[in-house]
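The values are calculated or read from the model by the stated rules, or taken from the named source; none is laboratory data. If you're wondering where the values come from, they're calculated on a predicted model, not measured in any experiment. So basically every Cβ, Gly included, is an ideal-geometry build from the backbone, and we count neighbours across all protein chains shown.
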Amino acid sequence: MFYEYEEDACKRRDRLYIIADILKAARKGVPKTEIMYKAGLSFAQLTQYLSLLVRLELVEALTINGKLIYKTTAKGTRYLKSYGEIRRLLQERAKHNITSRSSPLSYP
């Protein structure tokens, strides 16, 4: 069961993963199109996500030299840190499940 989830996760990103991609792309403050390419989203998808992330104060919209720039906030950085910790825990759990199932002394 866990293996099936892992395979599906590789094929399709969930919302939390997409949000993390956007926050990573916007760390230094970049235009919308740069985030779009780095996060692998369409313009329409990115517009919806950015609207949500600005409302949640994970990203801030700034005008610098007449250009609209999106930058990850301190709250967004905390999200990235927490998200990374959760992914590491899940990967450790998956690794543990694989090694314990391959052991001849393990039970189904």
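Brief remarks follow.
- Tally, over region 28-82, of residues that are among the small types (Gly, Ala, Ser) and touching a Lys or Arg at 6+ places or on another chain (Cβ under 7 Å): 1
- Scanning region 57-74 turns up no residue that is assigned to a helix (DSSP H, G or I), exposed (fewer than 15 other Cβ atoms within 10 Å of the Cβ) and among the charged types (D, E, K, R).
- Any hit, region 9-25, residues being at pLDDT below 95, more than 16 Å from Ser82 (Cα to Cα) and more than 14 Å from the chain's Cα centre (by Cα): yes
- Restricting region 74-108 to residues that are in contact with a Phe, Trp or Tyr (Cβ under 9 Å, 6 or more places away or on another chain) and over 17 Å from Arg15 (Cα atoms), the residue that is modelled with the lowest pLDDT: Ile98
- Any hit, region 33-44, residues being surrounded by 14 or more Cβ atoms within 10 Å (Cβ to Cβ) and either more than 23 Å from Gly84 (Cα to Cα) or in contact with a Gly (Cβ under 9 Å, 6 or more places away or on another chain) (or both): no
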